[in-house]
Amino acid sequence: TGSFYTQPTNFKLGTVRQYNLNVEQALPGNLVLTMGYAGSRGNHILVAGNDLNTSSPSACGTVPGYTLGCLPGGQPYIPPYNTFDTILLFGDVGDTSYDSLQIKAETKTAKHGLYALIAYSWSHTLDNGLSDGLGSLLSAPYFPLPNWRRLDWALSQINLYHSFTASTIYDLPFGRGKRWGSDWNNVTNALLGGYQVTLIERISSGFPDPLIDSNNQSGSFFQNGGNGNNYNRPNRIGGCDVYAANHGQHQYINSSCFEAPPVGQLGNSDRVPVTGPGFVNTDFSIIKQFPLPREMGLNFRAEFFNLFNHAQFGMPVNDISAAGFGAVNSTVNNPRLVQFALKLTF
């Protein structure tokens, strides 16, 4: 007769505890090395979409040739509150865990016109389910265990195991007041002096990816009232490498490692059995300063985003029932972008 939204009368406010410890050491050559640990724990996090009107795991006549206790028309077992469609609980049952190792090396000052930074982090993030599409609220409507969230405690869909960043800013040593060209005339200095280059390199591993069986070929699921999320997880075949050999755009996941579970059973695959493609990006810019009289200045810059035009592949098709399961059909970054700017200061 309709959908309702509710929350516990003894609702507890979410809490997040954060802590970190860093050790910093000066090194020869104008360098500073920082190593540290950062972590957090979250409890009673708001969870949206936990449906209270779900039946126990049920097997329906959705599998050709089978009739496993279903009601006429292939309808699932009657939910606990059969006069309602969906009863969504905004609960305080979400939990999160984050641990990371962080290493950074950088120059203390821009010695000889050069500043550089290199940073690396390893992180491990766990939770009991993010919504499909990496939403802002903890929720797991995409998975068939809405009332058994403990079983969804797993690697978070926003986890990045590895992240590396390197950046540098370098004032080229040419022109008046620099190492070479201090005696250049105005024309030569205007053409060859006053240049600065910057480079930013970012490399990271991919995001974890959940797998589903939308056709629900086993006929088993946790019925989610009227919201239609009757998905099942696939079975994962042991001893099989989930990544396709030389995996790339055409076939990223080894589809032979997953299959529909037997009739009447939920799939045994964990929540996020694969990790999507990693990320690589290079940005570069060159800046030219033109000194002008009366404390005026002219600044020209050319900026190159995604310098090498590297394609960043999106997530592979994650539905074992879909055509092209395991293939990557999209990119998530922009192609090379070049822009120019001219700025006058006075």
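FYI, it's all coordinate maths here, none of it is from the lab. Quick caveat, the model's predicted, so the values are computed rather than measured. Cβ: placed from backbone, ideal geometry, glycine included. Neighbour counts: every protein chain shown.
Worth a mention:
- Packing-based exposure ordering (other Cβ within 10 Å, fewest first) of Leu31, Leu191: Leu191, Leu31
- Fewest neighbouring Cβ atoms within 10 Å first, the residues Met315, Met296, Met35 line up as Met296, Met35, Met315.
- Computed label-point distance, nm, for sites Thr15 and Ser321 using a 7 Å Cα→Cβ extension: 4.2 nm
- Förster-model FRET efficiency, 35 Å R0, Phe164 and Tyr81, C-beta, rounded to 0.05: 0.10
- Cβ-derived FRET efficiency at R0 41 Å, Asp270 paired with Tyr195, nearest 0.05: 0.20
- The residues Arg294, Arg236, Arg336, when put in order of fewest to most other Cβ atoms within 10 Å, stand as Arg294, Arg336, Arg236.
- Residue-by-residue Karplus 3J(HN,Hα) for region 180-193, coefficients 6.51, -1.76, 1.60, Hz, glycine and proline x: 10, x, 5, 9, 5, 6, 4, 5, 5, 5, 5, 7, 10, x
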